[in-house]
Amino acid sequence: MSLAQVAAAARSSAALPLTLSVAAVDVDGGGVDADGGGESVGVDDMVVLPVASASKLLLLAEVARRLDGGELAPEEPVEVRPEDVTGGTGLLARLSRPGWTVEDLAWLTAAVSDNTATNALLRLVGLPATVRLARDLGLEHLTLHDRVRDERGPGVPPVFATGTARDLARLVALAVRGELASPTASARLLGWMRANTDHGLVPALIDHDPYAPGFPEPLPGRLLVANKTGTDTGVRADAGVIVGARRVAYAVIAHWDVALGPSTERAAVHAIREVGRALAAWAQRAA
């Protein structure tokens, strides 16, 4: 099994009425993208697509960077304002506790993709800071355009975020290699990702242990996953790392016309899961 078979799994969706963008890299092989020295694969990985909440990794990376640099403190309280509150994914808007810290909001954003927590963190660090971080890391197409909104009408960006599979996979690979601002910031981001509760896309068909301690150290005979997913109208995205005999950073984005009906959504989810199966087989192969 090789990364070429990951590409084959991605290309098997070519007959489907959707775009499936895939990027994967053997993190331990020396490269962090398709142009680096490590073994990597990309299928339509430079196509700019809506990436929904998978893009929250960029926000969390900026928060981790500021915590590491002392610009923020984990226990620093953050006011959750009425304009932060929104529906969709998350728990914060449904809980009664009045006060939350920076780290609380990061855990909520990572674990349950909490939109209200996301908005509070975005207001704290500012959208321009996420743009600067993306460009500093060489992520030319990963952009948070706006806060999370219940409805998008005239005068606001049409989508929350856009990006490419290559940029998302590169962001994860940098964290896995400890090169996201610092090893400490990288480890913090990976720890948050490890808490993600949505394993319904890439990890769905993978025999993995979501609760094993010691991540990101390999677990003999088992796979570990840390990821962040995104779900929106006509969009499913998943970016993360699979840790086995080797560590494989990945991003998979599916985009389709919702007018085609629910069968296309089911096909998109199935295609992402099949790519996940191929990624897992590669991660299990001894270096």
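Select, from Glu71, Glu75, the only residue that is free of Cβ contacts under 8 Å to residues at least 12 places away in the same chain and part of a loop (DSSP other than H, G, I, E, B).
Values: Glu75 fails: free of Cβ contacts under 8 Å to residues at least 12 places away in the same chain.
None of the other options fit; the residue is Glu71.
If you take the residues of the stretch 196-240 that are surrounded by fewer than 24 Cβ atoms within 10 Å (Cβ to Cβ) and acidic (Asp, Glu), which of them is farthest from Thr89 (Cα to Cα)?
So, considering only residues that are surrounded by fewer than 24 Cβ atoms within 10 Å (Cβ to Cβ) and acidic (Asp, Glu), the one farthest from Thr89 (Cα to Cα) is Glu217.
Mind checking which pairs have a first residue in the stretch 110-126 that is more than 21 Å from Gly70 (Cα to Cα) and a second that is among the polar types (S, T, N, Q) and part of a helix (DSSP H, G or I), Cβ under 9 Å, 6 or more apart or different chains?
Pairs that qualify, where the first residue is more than 21 Å from Gly70 (Cα to Cα) and the partner is among the polar types (S, T, N, Q) and part of a helix (DSSP H, G or I), are Ser113/Ser53; Asn115/Ser53; Asn115/Thr109.
Hey, can you tell me all the residues within the stretch 6-28 that are modelled with pLDDT of 75 or more and either farther than 30 Å from Gly261 by Cβ or among the charged types (D, E, K, R) (or both)?
Result: Val25, Asp26, Val27, Asp28.
In the stretch 203-229, which residue that is among the charged types (D, E, K, R) and outside any loop (DSSP other than H, G, I, E, B) is modelled with the lowest pLDDT?
Step one: of the stretch 203-229, the residues among the charged types (D, E, K, R) are 207, 209, 217, 222, 228.
Still in the running and outside any loop (DSSP other than H, G, I, E, B): 222, 228.
Working: Arg222: 85, Lys228: 98.
Top of the filtered list is Arg222.
Counting only residues that are of a type in the set (A, V, I, L, M) and under 20 Å from the mean Cα position of the chain (by Cα), which one in the stretch 68-108 is surrounded by the fewest Cβ atoms within 10 Å (Cβ to Cβ)?
Taking the stretch 68-108 and keeping what is of a type in the set (A, V, I, L, M), we get 72-73, 78, 80, 85, 91-93, 95, 102, 105-106, 108.
Filter once more, keeping what is under 20 Å from the mean Cα position of the chain (by Cα): 91, 102, 105-106, 108.
Working: Leu91: 12, Val102: 21, Leu105: 24, Ala106: 27, Leu108: 25.
Of everything passing the filter in the stretch 68-108, Leu91 is surrounded by the fewest Cβ atoms within 10 Å (Cβ to Cβ).
What's the total number of residues in the stretch 217-232 that are in contact with a Leu (Cβ under 6 Å, 6 or more places away or on another chain) and farther than 21 Å from Ser55 by Cα? Working first, answer last.
The initial filter retains those residues of the stretch 217-232 that are in contact with a Leu (Cβ under 6 Å, 6 or more places away or on another chain), namely 226, 228-229.
When the remaining residues are screened for being farther than 21 Å from Ser55 by Cα, the result is none.
So the answer is 0.
For the condition more than 14 Å from Ser55 (Cβ to Cβ), assigned to a loop (DSSP other than H, G, I, E, B), of a type outside the set (Phe, Trp, Tyr) and out of contact with any strand residue (DSSP E or B) (no Cβ under 7 Å at 6 or more places or on another chain), what is the one hit in Pro128, Pro154? Step through it out loud before you land on a result.
Numbers: Pro128 fails: assigned to a loop (DSSP other than H, G, I, E, B).
Criteria check complete, one pass: Pro154.
Output the qualifying pairs, or none if there are none: Cβ atoms under 6 angstrom, residues six or more apart or on different chains, first residue in the stretch 264-287 and farther than 26 Å from Pro220 by Cβ, second residue modelled with pLDDT of 90 or more and of a type in the set (Phe, Trp, Tyr).
Between residues of the stretch 264-287 that are farther than 26 Å from Pro220 by Cβ and residues that are modelled with pLDDT of 90 or more and of a type in the set (Phe, Trp, Tyr), the close pairs are Thr264/Trp256; Ala268/Trp256.
Please state which one of Ser40, Ser53 is modelled with pLDDT of 90 or more and of a type in the set (Gly, Ala, Ser). I'd like the intermediate steps shown before the answer.
Details: Ser40 fails: modelled with pLDDT of 90 or more.
None of the others qualify; the one that does is Ser53.
Within the stretch 161-195, can you find the residues that are touching a Ser or Thr at 6+ places or on another chain (Cβ under 7 Å) and over 20 Å from Val41 (Cβ atoms)?
Within the stretch 161-195, Ala161, Thr162, Gly178, Glu179, Leu180 meet the criteria.
The values are calculated or read from the model by the stated rules, or taken from the named source; none is laboratory data. Computed from a prediction, not measured in an experiment: that's the story for all the values here. Please note: Cβ atoms are built from the backbone with ideal geometry, for glycine as well, and neighbour counts cover all protein chains shown.
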